[in-house]
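J.: Can you read through this structure? Questions will come right after.
The values are calculated or read from the model by the stated rules, or taken from the named source; none is laboratory data. The shown structure was predicted, so the numbers you read here are calculated from the model rather than taken from an experiment. Don't worry about glycine lacking a Cβ; one is built from the backbone with ideal geometry, like all the others, and counts go over all protein chains shown.
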């Protein structure tokens, strides 16, 4: 069996395509995946992968071999790039040896409202790591979907994908609406809007979160926007020990979403009730 050619040159067309995608970030059509786990999550979620590149060492790890087998089973060719070339494309401190280009998933807005909606509204959250972690917590808590208002980070950027670890591929979400448009859509469906606020009148673990609810979390530092302050059915606070004044937005959202899950009788897989 012939040994696959290992690309060594930065002039190679594959390297140049990957380099362009790294430099400009995720496009409206595709995103770049790094590492076996994210590649497997994307395949499992049904994303269409266009091409992939691996360092020679990738096939020597169990996770790498599994991901490369999955790529081959889905008809995706995997080119070999030298270790230095692949490392130059990575934003991680230690390159994971595997990159893939995937078509970005899109979600019908109707899916966000399935069943008894538990919706998270991320209002202008600009930190991609925080946004990714929020999406992961939302999926774990059983949220039905998310709105990412205009000004929010791209959920398919590298840092956001590392934070969500595949949740962005599965959790229905829509990005780019104005906050007012999102509030109009929620109120039009009879969904109560609950805002997290440091000075909220109700503790988050006392608020009634059993019905159709949307939890709004504000951007870092900016807090809850005026339209939400005026239109929220409830403002909930998370009690904190002094001198701490606030929590990371993803942590705050997770606490409220999991409280909603608890009130709804949610039992995670494998739990004993």
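J.: What are the pairs with Cβ atoms under 9 angstrom where one residue, in the stretch 194-213, is on the phi < 0 side of the Ramachandran plot and not assigned by TED's automatic domain parsing to the domain that holds residue 231 and the other, located anywhere, is outside any loop (DSSP other than H, G, I, E, B) and surrounded by 13 or more Cβ atoms within 10 Å (Cβ to Cβ)? Sequence gap at least six, or different chains.
T.: none
J.: Suppose the filter is part of a loop (DSSP other than H, G, I, E, B) and either touching a strand residue (DSSP E or B) at 6+ places or on another chain (Cβ under 8 Å) or under 24 Å from residue 129 (Cβ atoms) (or both); does residue 47 pass it?
T.: yes
J.: List pairs: first residue in the stretch 23-51 and outside the structural domain of residue 79 (by TED's automatic domain parsing), second residue in a helix (DSSP H, G or I) anywhere in the structure, Cβ distance under 8 angstrom, at least six positions apart or on different chains.
T.: Correct list of pairs: empty, since none qualify.
J.: Hey, another quick one. Would you mind telling me which numbered condition in (1) over 14 Å from residue 260 (Cβ atoms); (2) touching a strand residue (DSSP E or B) at 6+ places or on another chain (Cβ under 8 Å); (3) assigned to a loop (DSSP other than H, G, I, E, B) residue 153 fails?
T.: Looking at each condition in turn, residue 153 falls short on (2).
J.: Might you let me know whether the stretch 157-168 holds any residue that is at pLDDT 95 or above and part of a loop (DSSP other than H, G, I, E, B)?
T.: no
J.: Now for a separate question. Tell me which of these residue 147 doesn't satisfy, since it passes every other one: (1) at pLDDT 95 or above; (2) under 20 Å from residue 38 (Cβ atoms); (3) touching a strand residue (DSSP E or B) at 6+ places or on another chain (Cβ under 8 Å).
T.: Tallying (1) at pLDDT 95 or above; (2) under 20 Å from residue 38 (Cβ atoms); (3) touching a strand residue (DSSP E or B) at 6+ places or on another chain (Cβ under 8 Å), residue 147 fails exactly one: (2).
J.: Among the residues of the stretch 62-71, is there at least one that is assigned by TED's automatic domain parsing to the domain that holds residue 83, closer than 20 Å to residue 88 by Cα and under 25 Å from the mean Cα position of the chain (by Cα)?
T.: yes
J.: Could you say whether any residue in the stretch 198-208 is assigned to a strand (DSSP E or B) and touching a helix residue (DSSP H, G or I) at 6+ places or on another chain (Cβ under 9 Å)?
T.: So far as the stretch 198-208 goes, no, none of its residues is assigned to a strand (DSSP E or B) and touching a helix residue (DSSP H, G or I) at 6+ places or on another chain (Cβ under 9 Å).
J.: Of all the residues that make up the stretch 210-253, how many are under 16 Å from residue 120 (Cα atoms), modelled with pLDDT of 85 or more, part of a loop (DSSP other than H, G, I, E, B) and in contact with a strand residue (DSSP E or B) (Cβ under 7 Å, 6 or more places away or on another chain)?
T.: Qualifying residue count for the region: 4.
J.: Scan the stretch 61-88 residue by residue and report those that are crowded, with 19+ Cβ neighbours inside 10 Å, touching a residue at least 40 places away in the same chain (Cβ under 8 Å) and outside any strand (DSSP E or B).
T.: Residue satisfying the conditions is 85 alone.
J.: Can I ask one more? Somewhere in the stretch 21-40, is a residue surrounded by fewer than 13 Cβ atoms within 10 Å (Cβ to Cβ), touching a helix residue (DSSP H, G or I) at 6+ places or on another chain (Cβ under 7 Å) and within 22 Å of residue 165 (Cα to Cα)?
T.: no
J.: Can you pull out the residues in the stretch 94-121 that are at pLDDT 95 or above and farther than 22 Å from residue 46 by Cβ?
T.: Matches in the stretch 94-121: 117, 118, 119, 120, 121.
J.: Of all residues in the stretch 97-140 being crowded, with 23+ Cβ neighbours inside 10 Å and assigned to a loop (DSSP other than H, G, I, E, B), which is farthest from the chain's Cα centre (by Cα)?
T.: Ranking the candidates gives 97 first.
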